[in-house]
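Report on the structure given below.
Readers should treat all values here as calculations from the given coordinates under stated rules, not as data from a laboratory. These figures come from a predicted structure and were not determined experimentally. Positions of Cβ are generated from backbone atoms using ideal geometry, with glycine treated the same way; all protein chains shown enter the neighbour counts.
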Amino acid sequence: MNAFFADFIFFGAILSLAAYEAGLLIKKKFKLAVLNPLLIATVCVMAVLLLLKVEYQHYQEGAKYISYLLTPATVCLAVPLYEQLELLKRNLKAVAGGITAGVLSSLISVFLLAKLFSLNHEQYVTLLPKSITTAIGMGISEELGGIQTITVAVIIVTGILGNVIAEFVCKIFRIEEPIAKGLALGTASHAIGTAKAMELGKIEGAMSSLAIAVAGLLTVIGASVFANLM
């Protein structure tokens, strides 16, 4: 079976796209926050690989082509930000403060949890980039000596969790300001959170897009400093 699928170069890409499309259809039909398309796609891909006994490297041979689109897709998030440029200028101090607070909260929480559970240095630095986009997080993890594959998994789980509970958290804490919602989602849950922010509104999406880029840059600096604390 492995040899059969190994002959199809784009098997991984086709399977990934089909699984994600299935996730979108399920989310659209049932409209439940927990039915995140990416989460559904991940489960579907795992189920198919196990059922057909396809080795991961055969799947990855085709799926890797989708990864090439990750960086340009992230850059494209600058478009909604440009449309809200005047709003950004009027609230620049609040935006800068919000993103900085979010990045520090992420780094400090990882540090405290690493201390609580007695993680070693490798495990600790693996988790530090959990709240930023995969393209940047993988680089930080590699540079600091972390485990890249686990970093990717943690980033995805963080993003999905933020996407799923975003509206609930906003209701609980009575957060109604669009700028605050967008900054929180982009800073805490990167691109997956931004997808949710765009569902909430144009302002939320624009602020979340900004937060991805700025939080990524601040985390590169902050993670280098925090990595030396353990």
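Lys/Arg Cβ at +1, Asp/Glu Cβ at -1, dipole of the chain taken about the Cα centre: which of Leu107, Ala166, Ala227 is farthest positive-ward?
Of the options given, the answer is Ala166.
Starting from the alpha-carbon convex hull of the range 93-186, give the projected area averaged over all orientations, in nm². Before the final figure, lay out each step's value.
Details: hull surface 26.2 nm².
Hull-based average projected area comes out at 6.5 nm².
Using only Cα atoms and rounding to the nearest 10 degrees, what angle (0 to 90) does helix 134-144 make with the longest principal axis of the chain?
For helix 134-144, the angle is close to 90 degrees.
Need one word for the range 23-148: rounded, prolate or oblate. Basis is the Cα gyration tensor (sqrt eigenvalues a ≥ b ≥ c); a/c below 1.5 gives rounded, then a/b vs b/c decides.
Values: a/c = 1.81, a/b = 1.21, b/c = 1.50.
It is oblate, given that a/c is not under 1.5 and a/b is not larger than b/c.
What angle, in degrees between 0 and 90 and rounded to the nearest 10, separates the Cα long axis of helix 11-30 from the longest principal axis of the Cα atoms of the chain?
60 degrees
Between the range 110-171 and the range 16-72, how many Å separate their Cα centres?
Their Cα centres are 21 Å away from one another.
Nearest 20 debye, what's the magnitude of the dipole of the chain about its Cα centre given +1 on Lys and Arg Cβ and -1 on Asp and Glu Cβ?
Numbers: 16 positive and 14 negative charges, 136 e Å.
Here the size comes out at about 660 debye.
Per 5 Å bin, what is the whole-percent P(r) computed from every C-alpha pair distance within the range 156-215?
The distribution over the range 156-215 is 4, 26, 34, 26, 9, 1, given as percents.
Which of the lysines could be linked to Lys27 by a straight reach, that is with a Cα gap under 17 Å, when you skip same-chain ones fewer than 8 residues away?
Of all the lysines, those that pass the test against Lys27 - Cα under 17 Å, at least 8 places apart if same chain - are Lys196.
For the chain, modelled as a Gaussian network with Cα springs under 10 Å, which listed residue fluctuates most, Leu49, Leu38, Leu88?
Of Leu49, Leu38, Leu88, the most mobile in the Gaussian network model is Leu49.
Per DSSP helix of 4 or more residues, -39500 (n - 2.57); summed, then divided by the residues of the chain. What does that give at 222 nm, rounded to the nearest 500? Write out the running numbers ahead of the final one.
Details: 13 runs with 187 residues, N = 230.
Taking each H run of at least 4 residues, the total per residue is -26500 deg cm²/dmol.
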